[in-house]
Structures are given as C-alpha cells and as structure tokens.
Amino acid sequence: MDLLFIRIVFIGFVCVASYVLEPFGLNRIEAAIAGAVIGLGVVLFEMRLRRVSLKQLIGAVIGSILGILGAYLFSLVIRDSLVVGSTQKFLELLVMLLMSYVGLVVGASKGDLLNLAALGGIFGAETKGRKSQKILDTSVIIDGRIADIAETGFLDGVLVIPQFVLRELQLVADSADSLKRNRGRRGLDVLAKLQKMANLNIQIVEDDFPAVREVDLKLIELGKMYEAKIMTNDFNLNKVAQLQGVEVLNINELANSLKPIVLPGEIMRVFILKEGKEYNQGVAYLDDGTMVVVDNARKMMGKNVDVSVTSVLQTTAGKMIFGKFDERASGNHQRPVETKTVGQERKTPVPLSVERVGE
C-alpha cells in the first residue's frame, strides 16, 4: 500500500513539473498529459525491473556500458566516412540505440552466469538471503501445521506470501460451499497467527506472472526468480517443482519423518476406536494420525488396550502399524465383572479364564 502511494505521488509530481515548465514547446494541458504518460511509463518500467534478479541487473548494466562504448567507436568511423548532415547524425543516434539495446538484452540474458557469491561482501549476503526465503503455498496455509512448526522455532529466514496466493485464499474463503469456506477462513486465521509471531519475518510480495494462469506454475516461476524454496503439502506441485529445479519443503514428508518408530514385539497402549475390515479386528489411531490395526480387538471398542506390535508397513500415505491384542494376558486389567451387595453395586476385576458352573 505504501509503494502504491509512492508511485501515485511520483506520477503526480512529474505531471505538475511538466505543467509548470511546459517542455517540448507544449502548452500546459498537453505538457501535463505528457508528464503523466512519462511518469506512468517510469512506474511500469520500475514494476518490471523489480522482477529482475540482481545477476540479470548487473549483466544488463555491463552489457549497456559495453554497447555504448562500441557505439562510440562506430560513431568515430561514421564521422570520418560521411559528410556532416542529418544523415550522419541519424546514423550515429541509430548505432547508439542499437548497440545499447543489444548490450542490455544480451547482458541481462547472460547475467545468470555470474557468480556473485565469489565476490563476497554484499553480493554473498544477497545470495544467502535469497536462499533462506520460503514461499508459502495455499495448501500449506490452509493445512495450518505451518503455524505449529513456526512456534517451535524451527523456521528461519523470510516467509514469502505472494499476492496471487492471497487472492486464491480469499476466493476459497468466499466460496458458496461451506466446507471450502471454512477451509479458506482457517487459512486466513493461520496467516493472522503467523503475522503475530515476533520471531518470524513475513513478507507479502506483489510479483505476478500474468502469462501464467495456474497458481502452482506461478509459484514455481517465483521460486526461480527469488531462488527460494516452496513450502507445500501438494504432491503434484512437489514433483513438478523438483523437475524444474526448485527446492520444495513438504510438510507431509516432515510429519511422516517425525512419527514414532516402533519395532515388532514392542508393547503400546492404544484406544480402540472402530471395527476393522477383517474379522475380529479393531482400529486405533495414534496422536499423530498413524493407523493401528489390532487383531482380536473388535470387542474392545471404546477401551484402552495393550497391543503387541507385529509389523510396520510404510505406505505413500504414511505408516500403518499392525498389532495383536492378547486377551488372556490383558484380562486381569480389562474386563470387570459386576457383583452386587445389599444396597450398593461394585465392580470386581476377575480373570477371564474363570468358568461358570454348568458351562
């Protein structure tokens, strides 16, 4: 918003200066219009220049200087070869513009070959600063776990949030679908939470790529321009970005790597939540969402049981733990039998192996 205000003030200043000074022999109204057009052209050039990396900018400057130097040498030849007149002046101007333009374009296109880090100083710091930037994807903002990771202090550098990501998030929050609307609003709440963290540096950038329609491709282009990493939990964006040489930090991969490691034979206590697909199976979930499939636990739904781990399966969605509930070993702790006394009821745990008379 401050940058927009500065741009408007600059255009207004150029317009007023042209109105007062009346350049090019124009009257005041025409001069004011010309000044506004010139100021707008300068602002558009500045907006385009902001997308250029430091390497490309230095390459363009070097190319322009070499082009102007070459044009000067050509102009000396033209002066000695042609009679003084309008043709000579036109050719000198044409050569100057041509060599400057060619030097600018070629220098900018070859600027990425420069190794600024080898020069040290501010150039090395600039490269390091770019590398520490992380661009947030819409999916990772809506997911919400990024805020929990930030609170632990594991995130450093600058978190970059593009304007086109904010626009997509706002469209999701304004959706007619209640589920999408709630997801979008949760994403906005996560952003507000991130901005309140004192240890984070949040930067909202206006860089956009109008020729690119898909947000994922825009993120990849922005990652290339900023030489930054993309934080996401989108599987497809992860693969496409890696193919194009952009580093990706996948929240799902981080979560899978932090899940507890269990070995066959270990005993773990879980809460049986529902029935399994196979006969006499129960299903439980750990705090991190890992599914635990337990044999012989169907009748223990709604209870905490001790499970002996039999195997661990790694899938694309994460880990699955398979275990077995030993009813005999856990009977003394799991099944209460109700006994009644006069005027009150109480529960007395008895072993499951007790046989009733007559059975």
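The values are calculated or read from the model by the stated rules, or taken from the named source; none is laboratory data. Predicted model only: the values in this text are computed from it and were never measured. Backbone-built Cβ (ideal geometry, glycine too); neighbour counts: all protein chains shown.
Tabulated data for the structure shown
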{"item": "Residues within region 190-230 that are assigned to a helix (DSSP H, G or I) and either touching a residue at least 24 places away in the same chain (Cβ under 8 Å) or within 11 Å of VAL160 (Cα to Cα) (or both), tallied", "result": "13"}
{"item": "Residue match in region 329-338 (condition: at pLDDT 85 or above, surrounded by 11 or more Cβ atoms within 10 Å (Cβ to Cβ) and outside the structural domain of PHE235 (by TED's automatic domain parsing))", "result": "no"}
{"item": "Only listed residue being out of contact with any His (no Cβ under 8 Å at 6 or more places or on another chain), within 30 Å of PHE209 (Cβ to Cβ) and small (Gly, Ala, Ser), chosen from GLY85, GLY12, GLY70", "result": "GLY12"}
{"item": "LEU237 within 30 Å of PHE45 (Cβ to Cβ), of a type outside the set (Ser, Thr, Tyr) and not in a loop (DSSP other than H, G, I, E, B)", "result": "no"}
{"item": "Candidate set from region 288-328 (those that are part of a helix (DSSP H, G or I) and surrounded by fewer than 18 Cβ atoms within 10 Å (Cβ to Cβ)); member that is modelled with the highest pLDDT", "result": "LYS299"}
{"item": "Test for GLY107: is it outside the structural domain of GLU227 (by TED's automatic domain parsing) and on the phi > 0 side of the Ramachandran plot", "result": "no"}
{"item": "Top-ranked residue of region 218-239 - restricted to ones that are within 12 Å of the chain's Cα centre (by Cα) and of a type in the set (A, V, I, L, M, F, W, C), ranked as farthest from VAL158 (Cα to Cα)", "result": "LEU237"}
{"item": "The one condition in (1) touching a Phe, Trp or Tyr at 6+ places or on another chain (Cβ under 7 Å); (2) exposed (fewer than 14 other Cβ atoms within 10 Å of the Cβ) that ALA192 fails to fulfil", "result": "(1)"}
{"item": "ALA192 being in contact with a Leu (Cβ under 9 Å, 6 or more places away or on another chain), more than 30 Å from ARG48 (Cβ to Cβ) and not β-branched (Val, Ile, Thr)", "result": "no"}
